[in-house]
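Colleague: Okay, handing you the structure first.
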Ligand code: MG
């Protein structure tokens, strides 16, 4: 199982980090050890002083495929959830400044907690509300219609490079509102008003 992540997929988030709007999807990976076992708390790693939450729609791949065309991509998933692409923003900044890969900042153990999977059903994957609350206050609110590259286009792009297998996950990028988390914070993530993920920060 692999975790494929998309960066800068919402214009308002690219702007808040002073990044350019990408001409094609920005792709990176997290290893399977980035998944946080269900019900485990999230421990802030020692190597960062600026850990950020990034709320994202996560799509579960349910068929094997390679070089999938966008028009057929919807056949490759039926379930979605919300996840947090935890990012050590200080470490990422140093990596970016030095032109280095940013896995240390984004792919560490437990950096990819996900919620309960739900069936997409007949809902439009490009019209889903995402919301993240920190200690009961809304900190991120977005809709998948604002993605720069829609899910099917992402599957086309990703599968040019990587064979997709059953159980692979795609983190599809975060809307604006990313920000720091601290010890004892409680995060709760919603998809279309349904609470799918609760996380305590230690
Ligand atoms: Mg992200």
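Colleague: Against the condition surrounded by 15 or more Cβ atoms within 10 Å (Cβ to Cβ), within 16 Å of the ligand (Cβ to nearest atom) and assigned to a loop (DSSP other than H, G, I, E, B), how does residue 177 come out, does it pass?
Modeller: Yes, satisfied.
Colleague: Checking the condition under 18 Å from the mean Cα position of the chain (by Cα), more than 16 Å from the ligand (Cβ to nearest atom), over 12 Å from residue 59 (Cα atoms) and loosely packed, with under 14 Cβ neighbours inside 10 Å, which residue from 138, 163 passes?
Modeller: Of the residues listed, the single one that is under 18 Å from the mean Cα position of the chain (by Cα), more than 16 Å from the ligand (Cβ to nearest atom), over 12 Å from residue 59 (Cα atoms) and loosely packed, with under 14 Cβ neighbours inside 10 Å is 138.
Colleague: Across the range 33-47, what is the number of residues that are modelled with pLDDT of 95 or more and in contact with a strand residue (DSSP E or B) (Cβ under 6 Å, 6 or more places away or on another chain)?
Modeller: Looking only at that region, the number is 4.
Colleague: Please specify each residue of the range 141-156 satisfying the condition of being surrounded by fewer than 20 Cβ atoms within 10 Å (Cβ to Cβ), part of a helix (DSSP H, G or I) and touching a strand residue (DSSP E or B) at 6+ places or on another chain (Cβ under 7 Å).
Modeller: Passing the criteria: only 146.
Colleague: Would you kindly identify the strands (runs of 3 or more DSSP E) lying entirely within the range 1-107 that contain at least 1 residues that are surrounded by fewer than 22 Cβ atoms within 10 Å (Cβ to Cβ) and more than 16 Å from the ligand (Cβ to nearest atom)?
Modeller: Counting at least 1 such residues, we get 55-61, 77-84.
The values are calculated or read from the model by the stated rules, or taken from the named source; none is laboratory data. Note that the structure is predicted; figures quoted are calculated from it, not measured. Using ideal geometry, Cβ is built from the backbone for each residue, glycine included, and neighbour counts are taken over all protein chains shown.
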